[in-house]
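Chemist: Dumping the structure here so I can ask a few things about it.
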Amino acid sequence: MNWKKLPALFLALMLSGQAQSDPETDYLALQKLYQQKFPDIELAEFKDGVYAIDAKMREQWLEMEDFPAYEIAIDEGEELYNTPFANGKSYATCFGDDPGVKSGYPRFDEDLGKVVTLEVAINQCRLDNGEQALPWLIGDLARISSYMAFASRGKHFDIKIETPAARAAYNVGKQFYYSRRGQLNFNCSGCHQLNVGQMLRAERTSPTVGQATHWPVYRGKWEDVGTIHKRFQECNSQVRSLPLEPQSDVYRSLEYFLTFMSNGMELNGPGSRR
Amino acid sequence: MKYLLIICLIVFGQLAIAAENTAAEATDFAVLIAQAEEKFAESKTVGHAWTVTADRLGDARKASAAGDMKLAKANAKEAIKLAELSIQQAQVETKLWQQRVPK
């Protein structure tokens, strides 16, 4: 044994340790965490978020789901989706005959070197066809996205992270999720993993796994369906961290990471939440 | 007559000092707010800006517009302090975040 080589060996070990922390490993470790915290709940049930872990809240929610507030959004979204652009083309020109494509989003676009979320793809389709982009957070874009989510119901997330560039984007999202921020010095995992299920004011926090399956979401507070980036902004500002721009590179990476943590799960959007 | 002259001189003197103070306070504030803006921008660049920093910056500008330079400066100083803390948070977190990833 050449002791002079020890630091190099140590470094190699550390690096290999990091290399092991790939998306698949993260995903399995997270599943293990929730199985330990909620041994009686099947992983697949986490698609209902906080309503999977709180029976009383679930009861109220199921009553709401009898006449879901997002239904109008789906109808309006369908109409928008099927209205041709001024150039005669339509969303189907971009997405194909089946609007139920959400199971493959976000995806990493190698040419752009960026994460493409479903909302980005919808607006890109508009721009490519001479239409203006729609506002990101609530409104028509979220309605179109709601219709596409509805058409994707029953499918399972099939998110791919296959190249070094895609992995790098994933890591940006992962680092964001585990970094403390804001004056209150919280990280996402503090509320949604370490203290998952605990009451915070009138709310109970949901597990990370399953958080991506049901977007867009209708909330009474928003009086509309909103995209997941609206929720990111809210979770940022509640710890006094300045929210980022919707669909900024970092939020896109965050959605990429978060959706991969729901990979393989059933899509059940749009959803309703308090 | 002599007394009146002396009083006049004193009053003018006071006024001059007051004017100078206001001017000095305005320059102080300009320096502070520029510094606060710079730190805030830096905290954004490192991805850890805080809402409260933006709030104090807004308060500082509002107070300055209303002519309350003392309050304006206090808010600008607070904004600098908050921005510095958030930059510190960014530095610490580049190392600590990995420890929180479930294994």
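Chemist: Quote the charge dipole size of the stretch B:61-103 about the Cα centre in Debye, to the nearest 20; the model charges only the Cβ of Lys and Arg (+1) and of Asp and Glu (-1).
Modeler: That gives a dipole near 40 debye.
Chemist: Can you work out D for the stretch A:116-244 in µm² s⁻¹ from Stokes-Einstein, where Rh is the Kirkwood radius over C-alpha pairs, the temperature is 4 °C and the viscosity is 1.567 mPa s?
Modeler: The Stokes-Einstein estimate is 78 µm²/s.
Chemist: Output the relative contact order of chain A, whole-number percent, from Cα pairs under 8 angstrom with separation of 6+ residues.
Modeler: In percent, rounded to a whole number, it is 25.
Chemist: Can you tell me what the convex hull of the Cα atoms of the stretch A:163-224 projects to on average, as an area in nm²?
Modeler: Averaging across all directions leaves 6.0 nm² for the Cα convex hull.
Chemist: Also: Near A:K37, which aspartates and glutamates are there with a Cα under 17 Å away, not counting those fewer than 8 places off in the same chain?
Modeler: Result set, ordered by chain and number: A:D26, A:E45, A:D48, A:D54.
Chemist: In whole angstrom, how long is each semi-axis of the equivalent ellipsoid of the protein assembly as shown, when you take the square root of 5 times every eigenvalue of its Cα gyration tensor and sort them from largest down?
Modeler: Equivalent ellipsoid of the protein assembly as shown: 47, 30, 22 Å, largest first.
Chemist: Considering only protein heavy atoms and a 1.4 Å probe, what is the carbon-and-sulfur percentage of the accessible area of the stretch A:143-207?
Modeler: 53 percent
Chemist: Which value at 222 nm does the protein assembly as shown reach when only helices count, each DSSP H run of 4 or more adding -39,500 (n - 2.57), with the total divided by all residues and rounded to the nearest 500 deg cm²/dmol?
Modeler: Calculated from helices alone, the mean residue ellipticity at 222 nm is -18000 deg cm²/dmol.
Chemist: If I take R0 = 35 Å and measure r between the Cβ atoms of A:A86 and A:H156 in this structure, what FRET efficiency does the formula 1/(1 + (r/R0)^6) give, to the nearest 0.05?
Modeler: So, using R0 = 35 Å, E works out to roughly 0.45.
Chemist: A further question on this structure: For chain A, which DSSP H helices look membrane-span-like by this rule: Cα extent along the axis of 20 Å or more and mean Kyte-Doolittle of at least 0.0?
Modeler: What comes out of the filter, once short or polar helices are dropped, is A:6-20.
Chemist: How high is the relative contact order of the stretch B:28-100, in percent, counting Cα pairs under 8 Å that sit 6 or more residues apart?
Modeler: 41 percent
Chemist: Using DSSP to define loop residues, name the trypsin sites (Lys or Arg not before Pro) in the stretch A:45-149 whose beta-carbon has at most 15 other beta-carbon atoms within 10 Å.
Modeler: A:K89
Chemist: Turning to a different aspect of this structure: Given q = 0.12, 0.18, 0.27 Å⁻¹, what are the Debye log10 I(q)/I(0) values for the stretch B:28-100, with equal point scatterers placed on the Cα positions and solvent ignored?
Modeler: With no solvent term, the Cα-only Debye profile gives -0.33, -0.62, -1.09.
Chemist: Right, something else. Straight-line reach from B:K81: which aspartates and glutamates have Cα under 20 Å away, leaving out those fewer than 8 places along the same chain?
Modeler: B:E25, B:D28, B:E37, B:E38, B:E42, B:D55, B:D59, B:E93
Chemist: Also, I was wondering about something else. Quick one: which of A:209-217, A:222-230, B:88-96, A:241-249 comes out on top by average Cβ neighbours within 10 Å, and what's the full order, highest first?
Modeler: Most protected by this proxy first, the peptides run A:209-217, A:222-230, A:241-249, B:88-96.
Chemist: Taking a threshold of 27 Å on the Cα-Cα distance, which of the pairs A:K174/A:K230; A:K221/B:K95; A:K47/A:K221 fall above it?
Modeler: Checking Cα-Cα distances, A:K221/B:K95 exceed 27 Å.
Chemist: How much FRET efficiency would the formula 1/(1 + (r/R0)^6) give for A:L184 and B:E42, where r is the Cβ-Cβ distance and R0 is 22 Å, rounded to 0.05?
Modeler: Efficiency computed from Cβ-Cβ geometry: 0.60.
Chemist: Moving on. Can you give the net charge of the other residues whose Cβ lies under 14 Å from the Cβ of A:A55, counting K and R as +1 and D and E as -1?
Modeler: -3
Chemist: Scale the Cα Rg of the stretch A:229-270 by the rule-of-thumb value 2.2 N^0.38 Å and send over the ratio, two decimals.
Modeler: Scaled against compact globular proteins, the figure is 1.29.
Chemist: Can you compute the radius of gyration and Dmax for the stretch A:71-151, using only the Cα atoms, both in Å?
Modeler: Here Rg and the maximum Cα pair distance are 12.1, 37 Å.
The values are calculated or read from the model by the stated rules, or taken from the named source; none is laboratory data. These figures come from a predicted structure and were not determined experimentally. In this analysis, Cβ positions are derived from the backbone assuming ideal geometry, glycine residues included, and neighbour counts consider all displayed protein chains. Keep in mind that these areas ignore ligands, DNA and RNA; they rest on the heavy atoms of the full protein, side chains included. Shrake-Rupley method; radii C 1.70, N 1.55, O 1.52, S 1.80 Å.
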